[in-house]
Amino acid sequence: MSVHIGAKPGEIAERVLLPGDPLRAKWIAETYLEDATCYSTVRGMLGFTGRWNGVKVSVQGSGMGMPSASIYAHELINEYGVRSLIRIGSCGALSEDLKLRDVIAANGSATDSNMNRVRFDGLIDYAPVADFGLLRASVENAERRGVPMRVGPVLAADAFYTDRPDLYDRLADYGVLAVEMESAALYTIAARFKARALTVLTVSDHIKTGEKTSSAEREQTFSQMVEIALDTIVA
Ligand SMILES: O=P(O)(O)O[C@H]1O[C@H](CO)[C@@H](O)[C@H]1O
Ligand SMILES: O=c1cc[nH]c(=O)[nH]1
C-alpha cells in the first residue's frame, strides 16, 4: 500500500479512470464494471477494480484540485505501475456555444497553478497536453456512440470561486472551452513518468449563464463521458 492508497500490489489495473469525486468512482464501479471490488478506502478516497469488456480497469477518486490529484497520479504511476489514466470530471463552460451536459476532451490545459513554475524555475511556461493516442481513441469512441464531443483546451484553476471572472472571458476569447481543477497536473505528471493521460469532462455548469446541475447529478448521471472513457481506456 502507498501512503494514500490502500491497495496491495496487483490490485490496481494498468488502466485507471480518475473522477475527482470518490462517490462518482463508486457509482461507476457499481454501474459499469463487472466483478468490481473496492481496494482502498483511505481518507474516503475510494478506489475500485473490475472489468470493462473483459479488460481489467480501475477507477480511483482523486479529490479536488491539483495538489490532491497530483498525489493520486504520482502514486498510481510510480507505486502501482499504472500506464494509462483518464480523468473524468465536471467543468464550468466558458465558451458561449457549450451547454449543460456537453462532453469535452481536453487536448491541452492552461493553468494558474504555480506547480510548474516551481518545476521549471519560472523560466519556462510548460504546456501540459493530452496523450495523442488516447485523445484520438476518445474521438473515435465518441463518434461511434454518436456523442458530439468537443475537443479543445481547458483551464485548470486552483480556485473554484474566482475573483477574476474577467480572465475567464479573456481565455474564452483565446478558445479555452471550460474550467476545471486537475488536468494540468495530471498531464504534467504523466509526461514526467512516461505514462499516458487524457481528461474528458462534462459541462456541469455554465459560467456565463449561471445554469448548473445538482451535486447528485454530478455524482451519478454523466454517463456519456464515462462510457467514452471506458471504451478509450481499454482500446
Ligand atoms: O467533478 P470533478 O472531477 O471533481 O471535477 C471538478 O469538480 C470539482 C469542483 O466542483 C473540481 O475537482 C473540478 O475539477
Ligand atoms: O472546476 C470547476 C468544475 C465545475 N464547474 C466549475 O465552475 N469549475
So for the range 49-141, using the alpha carbon gyration tensor with a ≥ b ≥ c as root eigenvalues (a/c under 1.5 gives rounded; past that, a/b versus b/c decides prolate or oblate), I'd call it oblate
Simple SL model, points at 7 angstrom along Cα→Cβ for residue 99 and residue 173; separation in nm is 2.8 nm
Residues of the range 88-122 with backbone N under 13 Å of the label point set 7 Å from the Cα of residue 74 along Cα→Cβ are 115-116, 119
Over all pairs of different Cα atoms in the range 89-196, the reciprocal of the mean inverse distance gives a Kirkwood radius in Å of 14.7 Å
With +1 on the Cβ of every Lys and Arg and -1 on the Cβ of every Asp and Glu, the dipole magnitude of the chain about its Cα centre, in debye rounded to the nearest 20, is 540 debye
Excluding residues fewer than 8 positions from residue 99 in its own chain, the aspartates and glutamates with Cα under 18 Å of it are 169, 173, 180, 205, 211, 217
Counting only backbone N atoms under 20 Å from a point 7 Å out along Cα-to-Cβ of residue 30, the residues of the range 40-80 in range are 40-52, 57-63
With label points set 7 Å from each Cα along the Cα-to-Cβ direction at residue 127 and residue 215, the distance between them in nm comes to 3.9 nm
Residue-ordered couplings for the range 141-151, obtained by feeding phi - 60° into the Karplus form 6.51 cos²θ - 1.76 cosθ + 1.60 and rounding to whole Hz (Gly and Pro as x), are 5, 5, 5, 4, 8, x, 9, x, 6, 8, 10
For the chain, percent of DSSP beta bridges that are antiparallel (nearest 5) comes out at 40 percent
In the range 15-234, taking the dipole from +1 charges on Lys and Arg beta carbons and -1 charges on Asp and Glu beta carbons about the Cα centre, the listed residue (93, 234, 17) farthest towards the positive end is 234
With the dipole of the range 101-166 defined by +1 on each Lys or Arg Cβ and -1 on each Asp or Glu Cβ, the option from 134, 155, 110 whose Cα lies farthest towards the positive pole is 134
In whole Å, largest first, the alpha carbons of the range 15-234 cover along the principal axes 47, 39, 33
Total charge of the residues flanking residue 19 in space, meaning their Cβ is under 12 Å from its Cβ, with Lys and Arg +1 and Asp and Glu -1, is 0
In degrees, nearest 10, the alpha-carbon axis of helix 223-233 is tilted away from the dominant principal axis of the alpha carbons of the chain by 60 degrees
Quick calc: nm separation of the 7 Å Cα→Cβ label points for residue 118 and residue 191 -> 1.8 nm
Projected onto the charge dipole of the chain (unit charges on the beta-carbon of Lys, Arg, Asp and Glu, signs +1, +1, -1, -1), the Cα from 191, 57, 209 with the largest positive-side position is that of 57
Listed by chain and number, the lysines with an alpha carbon less than 28 angstrom from that of residue 8, same-chain partners under 8 positions apart left out, are 26, 56, 194
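Throughout, read-outs are computed from the coordinates displayed, never taken from laboratory work. Computed from a predicted structure; not experimentally measured. Every residue, glycine as well, gets a Cβ built from its backbone with ideal geometry; the counts of neighbours run over all protein chains shown.
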